[in-house]
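Reviewing the structure listed below.
The values are calculated or read from the model by the stated rules, or taken from the named source; none is laboratory data. Keep in mind the model is a prediction, meaning the values are calculated, not measured. Every residue, glycine as well, gets a Cβ built from its backbone with ideal geometry; the counts of neighbours run over all protein chains shown.
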Amino acid sequence: MRLIDGKLVAKAIREEIKQKVAEAYELYGKRFSLTVIIAGEDSASQIYVRNKGKACEEVGIISDTVVLPESVSQEEIEKIVTEKVKDENVDGILVQLPLPRHLDEKRILKLIPPEKDVDGFSDSNVGRLTLFSDDALYSCTPHGIIKLLEYYDIPLKGKHAVVIGRSNIVGKPMALMLLKNDCTVTICHSKTENLAEITRTADILVCAVGKKGFVTADMVKDGAVVIDAGINRVDGKIYGDVDFDEVNQKASYITPVPGGVGPMTITMLLYNTYLAGIRKVNK
Ligand code: GUN
């Protein structure tokens, strides 16, 4: 079994991004910038947002965080997003989710044009991914998983990839990216019958369901590549969706939690911000 070291890969890719950002500054005199908008007091969100800001600075991307109170009105947050959309100096916009419950999240996200949608969540970016267009910005977590597979030279062409989970953020875009990489893809979800029978046929198994220890050894084929996109907080500790101690004895490659997929998400956000910026200067 080989461990897929997300921290190592994230560091290598962040170094590349840092160089590209510096080159763009030399060539165009422009610093790329990311605006993150956060509303409310969700403590996990606050940590994510702080980490995004820090990561930007480390690669030379300007980061601007707009902190709004829990009580912010729909009108106020829409006004701020609209200003950032119009601002020529803003390359990427990210609205941290979840938003306070009284806000209409869909309406707010719809204001962000695909060119600035560095989360890759917008209808247009999902459509572009579905069409395998080269002007898409990809959802960060599944894109990070593709980068991990590439870094370790794991063959994808013709392989059976099984994705457990059909969320808009991970499961669905993951399946599309694996398909784009010539995998034969099966998507499983909470209503799937005979789940273990299907997962046992996976050469590559990606799990994104949000349940600690959901994938057990009996669900995994000998020699499979197992990617754990779960982040489950239990008593202050973080666990993945995969029962690592059991499954690592069968897998050829496996991602740990923490230190596997996690560090790749912000890395791909930095990459998307760079892409958004460089596409704008090259337009
Ligand atoms: N909340 C948890 N993960 C994410 C993410 O990747 N993007 C946004 N916008 N909000 C999140």
Quiz item: Here are some residues: V162, V118, V185, V170. Which one is touching a Cys at 6+ places or on another chain (Cβ under 9 Å) and farther than 30 Å from K86 by Cβ?
Solution: V162
Practice problem: Scan region 155-186 for residues that are at negative phi and touching a residue at least 60 places away in the same chain (Cβ under 8 Å) and jot them down. | Solution: I164
Practice problem: Among the residues of region 252-272, write down those that are more than 16 Å from the chain's Cα centre (by Cα) and under 25 Å from E15 (Cβ atoms). | Solution: Y253, I254, P256
Exercise. State all residues of region 146-177 that are touching a Ser or Thr at 6+ places or on another chain (Cβ under 9 Å), within 18 Å of D241 (Cβ to Cβ) and more than 16 Å from the ligand (Cβ to nearest atom); if no residue qualifies, say none.
Key: L148, A161, V162, V163, I164, R166, A175
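Rundown of residues vs (1) touching a Cys at 6+ places or on another chain (Cβ under 7 Å); (2) free of Cβ contacts under 8 Å to residues at least 24 places away in the same chain; (3) within 22 Å of V9 (Cβ to Cβ); (4) crowded, with 19+ Cβ neighbours inside 10 Å, yes/no style:
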| position | (1), (2), (3), (4) |
| --- | --- |
| V225 | no, no, yes, yes |
| A229 | yes, no, yes, yes |
| K250 | no, no, no, no |
| Y274 | no, no, yes, yes |
| N282 | no, yes, no, no |
Self-check item: Any pair with Cβ under 7 angstrom, 6 or more apart, that starts in region 70-99 at a residue that is under 14 Å from D119 (Cα atoms) and ends at one that is within 16 Å of the ligand (Cβ to nearest atom) and of a type in the set (G, A, S)
Solution: D91/A276; G92/A276; Q96/S45
Quiz item: Got at least one residue in region 241-254 being touching a helix residue (DSSP H, G or I) at 6+ places or on another chain (Cβ under 9 Å) and either at pLDDT below 95 or within 16 Å of the ligand (Cβ to nearest atom) (or both)?
Solution: no
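Give the residues of region 134-143 that are assigned to a helix (DSSP H, G or I) and more than 16 Å from the chain's Cα centre (by Cα), sorted by residue number.
Step one: filter region 134-143 for residues assigned to a helix (DSSP H, G or I), giving 140-143.
Within region 134-143, none qualify.
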Exercise. Would you check which residues across region 106-133 are of a type in the set (D, E, K, R), within 14 Å of the ligand (Cβ to nearest atom) and in a helix (DSSP H, G or I) and list them?
Key: K106, K116
Practice problem: Give region 255-277 a look and list any residue that's more than 16 Å from the ligand (Cβ to nearest atom) and of a type in the set (F, W, Y), or say none. | Solution: Y274
Quiz item: Quick one: would you say V215 is of a type in the set (V, I, T), within 20 Å of I4 (Cα to Cα) and touching a residue at least 60 places away in the same chain (Cβ under 8 Å)?
Solution: no
Quiz item: Being surrounded by fewer than 17 Cβ atoms within 10 Å (Cβ to Cβ) and among the acidic types (D, E), is that true of even one residue in region 198-217?
Solution: no
